[in-house]
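Accompanying notes for the structure given below.
Derivation of every value follows stated rules applied to the coordinates shown; laboratory data play no part. These numbers were taken from a predicted model, which means no experiment stands behind them. Positions of Cβ are backbone-derived with ideal geometry, glycine not excepted, and every protein chain shown enters the neighbour counts.
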Amino acid sequence: MKISTDIGVWIGALAALGIYSVLIKDNPFYRFVEHVFVGASAGIAVVVGVNTFKSTAWSPMTVEGDYLLIIPMIAGLLLYTRYFPNIAWLNRIPLSFLMGTSAGVAMRGAIESQIVGQVSATMINLNSIDAWIVFIGTVTSLSYFFLTWKTGKVTGVTSKLGRYFMMAAFGAAFGNTVMGRVSAAIGRFQFILNTWLGL
């Protein structure tokens, strides 16, 4: 048994213990570690933002002479006019461009991944049990949302089967989330016991 002498390991281990101490009771140690984490995250975000501005806007404009970058820089500065009531309306101009482009990019990604991708993944050769399960699960899950259909013998069975498929999918997604959290906790405990305490 040999405890680590690395200051970084000590900080990481004490921070992990501080976060886990909230499981016993809310305490000042936990709040201190939480504030340090939030403050460090904010500081890192500011540094990354400044470096991104320097590398993608300021340096290309001053060194390479790409003066058209002044337009997005002015638009970015207009976002801060919301803090000045007299000219706060200028904030809407760049914000409308941001919302429009974000909606377009999100819509394209959603259509490709959630509609086109799902349909193309379902339209496969039905030559295995897995392919049949995917196909039947997709069709019955879609039939569950056809609320305008009259519930008959066929549609009632398919919608109920679709509900079971969705319950299995949601359960698997939740189990995957829990498994990820447990594996992260195991990694932290291994760090504390092995790397820090040397057990």
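General observations
- Total residues in segment 4-25, condition exposed (fewer than 13 other Cβ atoms within 10 Å of the Cβ) and farther than 12 Å from Phe37 by Cβ: 7
- Residue that is out of contact with any strand residue (DSSP E or B) (no Cβ under 6 Å at 6 or more places or on another chain) and within 30 Å of Ile11 (Cα to Cα), where the choices are Gly76, Gly109, Gly43: Gly43
- Hey, Ser21 under 30 Å from Ile192 (Cβ atoms) and of a type in the set (Gly, Ala, Ser) or not: yes
- Total residues in segment 57-79, condition among the aromatic types (Phe, Trp, Tyr) and exposed (fewer than 13 other Cβ atoms within 10 Å of the Cβ): 1
- Only listed residue being more than 21 Å from Phe189 (Cα to Cα) and out of contact with any helix residue (DSSP H, G or I) (no Cβ under 7 Å at 6 or more places or on another chain), chosen from Met61, Met107: Met107
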